[in-house]
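In what follows, a structure is listed as structure tokens, so that the remarks can point back to it.
The values are calculated or read from the model by the stated rules, or taken from the named source; none is laboratory data. Small disclaimer: the values here were computed from a predicted structure and weren't measured. Virtual Cβ from ideal backbone geometry, glycine too; neighbours counted across all protein chains shown. Side chains are part of the model used for accessible areas, which takes the heavy atoms of the whole protein and leaves out ligands, DNA and RNA. Shrake-Rupley method; radii C 1.70, N 1.55, O 1.52, S 1.80 Å.
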Amino acid sequence: MAFGIYIHWPFCRSKCPYCDFYSKVSKNIPQEQIINEYIEDIKYYSQITSHQEVTSIFFGGGTPSLISAINIEKIINNISNHWKLANNIEISLEANPNTDNDSLFKDLRLAGINRLSLGIQSLNPTGLKFLGRTHSVAEALSSATKVLNIFDNHSADMIYALPHQSAHNWKEELTFLCEMGFKHLSLYQLTIEDGTVFAKKGILPANEKTSASMYKISNNILKQYGYQHYEVSNYAQIGYESSHNKLYWQGDDYIGIGPSAHGRIKFNNRIYATTHQRKLESLTAVERAEELILMGMRLTAGINKAHFKQICGIDFDNFISPQVISSLSQNNLIKNSSHHIKATSKGFLVLNKIIEELICNTLNINN
């Protein structure tokens, strides 16, 4: 099974108005002290999971491209000192164009990063301003060019379904991005989360009809450019799916290091949720099964029932109401077999409703 390590860096240069992730804006960051705390966390979790082989490391945030390359390398080296690393390990880092300098991406590559995810978010000046991004389109394109030249494996993040954004404009932005040649694209519809600046201002995203139209446009354009749609918001050229993110959706083990980071690990035949700092909370088989449904149905391949049972110990077909499965199947929202269950193309348009139906109609299982 895959096993990943997530490194959370909470600091940003500015707070985006749509962001509901835990993050801090600070100019005086005690970077050395924080990194040393991360290393202590790494030592602690290695005692529990040292038998695992690390298949992926992901530096997320916040803005982890604010971490010095020296400290990035220090973290990677400490991980390699405590676990065996897979030969084909994926080591990803999220970067923002506003942290770019002459040597940033070269330094990150030398430090051990082999996959760079660039937070572009928009290729339209109006869109960038609305989203509170502090980089320009020109700066985004400059950073993108460097990333494409320096890394063999790369991804770009975009946000769409902005208020007043037309389907035509989104098509132009997306086509341009595809022609740049990123191996992987993450395309997120704008959602307004409670507590964000957008929520406080009463900002509304594009209406459902427009959002659905843009979603279909995304699928059609990316298919034309050879991208495989493997998760509701993620697309990749063949061989370039995000190994780290897939382990979340598939339910494999991972640990989280840093503020707001969490993990899921199984040892001594028990399932645990891990939270900062070094806290372990036992999960029941049913709780884990519900998480696996919530995450696994996001994949276009859906849930592998044998893998589901291996993780939580519950037989999927004995867990969900057969009447609900039958109803969703008859409405062409899911495809169900003895091996897999997955959403159809029609189903992905109402995925949250499908997940709700599945989780709210479980059968009694002894824990």
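Using the Karplus relation 6.51 cos²θ - 1.76 cosθ + 1.60 with θ = phi - 60°, the per-residue 3J(HN,Hα) values for the stretch 5-18 come to 10, 9, 10, 9, 10, x, 8, 9, 7, 7, 9, 6, x, 9 Hz, with x marking Gly and Pro.
In straight-distance terms, cross-link reach from LYS223 covers every one of the lysines whose alpha-carbon lies under 30 Å from its own, apart from those fewer than eight places away in the same chain; here that gives LYS129, LYS146, LYS171, LYS183, LYS209, LYS246, LYS305, LYS335, LYS342, LYS346, LYS353. Protein heavy-atom accessible surface, 1.4 Å probe, per residue over the stretch 136-261: 45 Å². For the stretch 123-262, rounded, prolate or oblate, judged on the Cα gyration tensor with a ≥ b ≥ c (square roots of eigenvalues), a/c < 1.5 rounded, else prolate if a/b > b/c? Because its axes are fairly even, with a/c under 1.5, the stretch 123-262 counts as rounded. Relative protection proxy for 224-230, 52-58, from highest mean packing down: 52-58, 224-230 (other beta-carbon atoms within 10 angstrom). Label-to-label distance for LEU351 and LYS200 is 3.0 nm, based on points extended 7 Å past Cα in the beta-carbon direction. Heavy atoms of the protein chains alone define the surface here; on that basis the stretch 17-111 has 48 Å² accessible area per residue at 1.4 Å probe size.
Counting only Cα atoms, the size of the chain along its three principal axes is 58, 52, 40 Å, in decreasing order. Close amide H contacts of ASP20 (hydrogens built in the peptide plane, cut-off under 5 Å, sequence separation of 5 or more or a different chain): none are found.
Which FRET efficiency, nearest 0.05, do ILE70 and LEU280 yield, Cβ-Cβ r, R0 30 Å? Given R0 = 30 Å and the Cβ-Cβ separation, E is 0.45. Phi angles across the stretch 71-87 convert, under the Karplus curve 6.51 cos²θ - 1.76 cosθ + 1.60 with θ = phi - 60°, into 3J(HN,Hα) values of 6, 4, 4, 4, 5, 4, 5, 5, 5, 5, 6, 10, 9, 7, 9, 5, 4 Hz, Gly and Pro given as x.
By the Cα gyration tensor, the stretch 301-367 has an equivalent ellipsoid whose semi-axes, rounded to whole angstrom, run 20, 13, 10 from largest to smallest. Among the protein heavy atoms of the chain, carbon and sulfur supply 48% of the accessible surface, probe 1.4 Å, non-protein parts ignored. Taking only alpha carbon atoms, the stretch 231-275 gives an Rg to Rh ratio of 1.07, where Rh is the Kirkwood radius.
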